[in-house]
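Everything below concerns the one structure shown next.
The values are calculated or read from the model by the stated rules, or taken from the named source; none is laboratory data. These numbers were taken from a predicted model, which means no experiment stands behind them. Virtual Cβ from ideal backbone geometry, glycine too; neighbours counted across all protein chains shown. Just the protein is used for accessible areas: all its heavy atoms, side chains included, with ligands, DNA and RNA removed. Shrake-Rupley method; radii C 1.70, N 1.55, O 1.52, S 1.80 Å.
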Amino acid sequence: MQYYDSKTIIYLDGEFVKAAEAKTDLYGQSLHYGYAVFEGIRAYNTHNDVRIFKAKEHYKRLQKSCELVNIPFKWDIDDLIKQTYELLQINHLKDAYIRPLIFCAPNMSLATPTSVSIMICAWEWAAYLGEKQLKVCISSYQRPNPKSTHIEAKVSGNYINSILASTEAKSKGFDEALLLDIENNVAEAPGANIFIEKNGVLYTPSLGNILPGITRATVIQLCNILDIKVIEKTITVEELKNADSAFFCGTAAEIIGIESIDETIFKTNWSNSIGSTIQTAYKNLVLEKVNYQVLI
Ligand code: PMP
């Protein structure tokens, strides 16, 4: 995948510069220790023009992630949103993935950084809602102990765990991994949250061992609007495997059905599942085809 070419522009510390010419220092904590914070945001080409979905929520989480790991956050969120729209326009992007990254200035010590930078880049990303259902395996890797890191922060270093799990799943012939928490209960995918359906009710793991996904929160809001009962609780592997259906949700993954977990195939056909209803509602929401905005 080519993320940029000679014309691509990125936002770097208040300026729009060519991606190919932008530089970073090799003597920094972000590169050496994974001490950086980022977001993954989507823009959709809606009939109301290009719209960044839940921009404020994403930039607020970026700020919260920084605060949790003591990386100074010195930006104005409304201004960052404005710059992001500008970035999309400059690069002629309509359906796009947006990646803000906050990284630390040169400093090889383990001390809190005094100087940090922000870069925002974006690339074309077509909506691929619901193309297929995933074959998922339970990973041999657990999500990190929430007492060893801030699992609710979107910190670069946490993604080593995600890369290991995803790579392992693919090497075994699965589409994606599902990670358990330190108590061996269901946590999340390497880059998405999970919901399961049982007897007409949706369940999702409680916060504590997972990234509090913005899509997860959106799904809960959609359930409230659509009168679908949804419960946040600890979910065991047995409950997962006995579920009627399940799906992952995330900014990049959107809503994507799960066909099977290890050798267990879910009973309910995806098109008859609650997940499929949520998938359609989510698609309508991000494309602004319905006016849920007034409600959420
Ligand atoms: N969990 C992890 C580990 C993730 O990386 C992501 C993607 N940001 C999610 C869940 C889903 O979060 P969101 O819906 O905010 O994209």
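Numbers for the structure displayed
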| read-out | value |
| --- | --- |
| Pick from the stretch 110-152, criterion modelled with pLDDT of 95 or more and aromatic (Phe, Trp, Tyr), ranking: nearest to the chain's Cα centre (by Cα) | 123 |
| Flag for residue 230 being more than 19 Å from the chain's Cα centre (by Cα), of a type in the set (A, V, I, L, M, F, W, C), over 24 Å from residue 271 (Cβ atoms) and open to solvent by 20 Å² or more (accessible area, probe 1.4 Å) | no |
| The stretch 53-77, residues that are assigned to a loop (DSSP other than H, G, I, E, B), free of Cβ contacts under 8 Å to residues at least 60 places away in the same chain and among the β-branched types (Val, Ile, Thr) | 71 |
| Count of the stretch 141-195 residues which are without any contact (Cβ under 8 Å) to a residue 60 or more places away in the chain, charged (D, E, K, R) and either within 11 Å of the ligand (Cβ to nearest atom) or open to solvent by less than 70 Å² (accessible area, probe 1.4 Å) (or both) | 4 |
| Every residue from the stretch 205-235 that is within 11 Å of the ligand (Cβ to nearest atom), over 16 Å from residue 279 (Cβ atoms) and assigned to a helix (DSSP H, G or I) | 214, 217 |
| Residue match in the stretch 24-39 (condition: within 21 Å of residue 85 (Cα to Cα) and exposed (fewer than 14 other Cβ atoms within 10 Å of the Cβ)) | no |
| Of all residues in the stretch 265-289 being over 23 Å from the mean Cα position of the chain (by Cα) and farther than 14 Å from residue 194 by Cβ, the one that is least open to solvent (accessible area, probe 1.4 Å) | 268 |
| Checking residue 47 against (1) at pLDDT 95 or above; (2) surrounded by fewer than 16 Cβ atoms within 10 Å (Cβ to Cβ), the condition it does not meet | (1) |
| Positions within the stretch 236-255 being part of a loop (DSSP other than H, G, I, E, B) and within 13 Å of the ligand (Cβ to nearest atom), in sequence order | 251, 252, 253 |
| Residue 72 open to solvent by 40 Å² or more (accessible area, probe 1.4 Å) and modelled with pLDDT of 95 or more | yes |
| Index of the failed condition, residue 80 passing every other in (1) over 27 Å from residue 210 (Cβ atoms); (2) in a helix (DSSP H, G or I); (3) open to solvent by less than 40 Å² (accessible area, probe 1.4 Å) | (1) |
| Spans of strands (runs of 3 or more DSSP E) in the stretch 1-52 with at least 2 residues touching a residue at least 24 places away in the same chain (Cβ under 8 Å) | 9-12, 36-38, 41-46, 49-52 |
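A quick yes/no check of all residues on (1) assigned by TED's automatic domain parsing to the domain that holds residue 95; (2) β-branched (Val, Ile, Thr); (3) over 17 Å from residue 42 (Cβ atoms):
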site: 193; (1), (2), (3): no, no, no
site: 218; (1), (2), (3): no, yes, no
site: 234; (1), (2), (3): no, yes, yes
site: 287; (1), (2), (3): no, no, no
